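The values are calculated or read from the model by the stated rules, or taken from the named source; none is laboratory data. Given the structure is predicted, the values throughout are model-derived calculations rather than measurements. All Cβ positions, even for glycine, are placed from backbone atoms using ideal geometry, and neighbour counts span all protein chains on display. Ligands, DNA and RNA are excluded from the accessible area calculation, which covers all protein heavy atoms including side chains. Shrake-Rupley method; radii C 1.70, N 1.55, O 1.52, S 1.80 Å.
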Amino acid sequence: MTMNHIYKGFRAMILPEMESTESRLKRGDWRSLIVGYRYIARYRGRICFSVGYDSEVGILPTVEDTITDFENRVDAILDSL
């Protein structure tokens, strides 16, 4: 369940972060729950930055928060140029 979001020429590939197998088995359910979202930002096909992959920011709780974070980071990058 990958989602893409394009903003000012940058593309975010938003990926769900699923709960661990141990947690799922402890609940006694075979279905995994989404615990948050992470993303990779690209510009012209090259990776610019990522969030949720061993970064200072952990995974984000909702897709809307993820899109807002992505757009704010892109605006900060463009403002710094």
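Taking the 1.4 Å solvent-accessible surface of the chain as the whole, the part contributed by carbon and sulfur is 53%. A cut-off of 5 Å between modelled amide H atoms, ignoring neighbours fewer than 5 places along the same chain, links Cys48 with Ala41, Arg42, Tyr43. Using a simple spin-label model with points 7 Å from Cα along the Cα→Cβ vector, what separation in nm is obtained for Glu22 and Ile47? Using points 7 Å along Cα→Cβ, the separation is 2.6 nm.
Quickly estimate the mean residue ellipticity at 222 nm for the chain, helices only: each DSSP H run with n ≥ 4 gives -39500 (n - 2.57), and the total goes over all residues, rounded to 500.
Dividing the helical sum by the residues of the chain leaves -9500 deg cm²/dmol.
Take 23-31, 67-75 and order them by the average number of nearby Cβ atoms within 10 Å per residue, most first; the result is 67-75, 23-31. For Val51, the solvent-accessible surface computed with a 1.4 Å probe is close to 0 Å², ligands and nucleic acids excluded. Axis angle, to the nearest 10 degrees, between helix 63-80 and the longest C-alpha principal axis of the chain: 30 degrees.
In this structure the amide hydrogen of Glu17, modeled in the peptide plane, comes within under 5 Å of the amide hydrogens of Val35, Gly36, Tyr37, Arg38, none closer than 5 places in sequence on its chain. Would you mind getting the accessible area per residue of segment 1-50, heavy atoms of the protein chains only, 1.4 Å probe, in Å²? Per-residue accessible area for segment 1-50 comes out at 72 Å².
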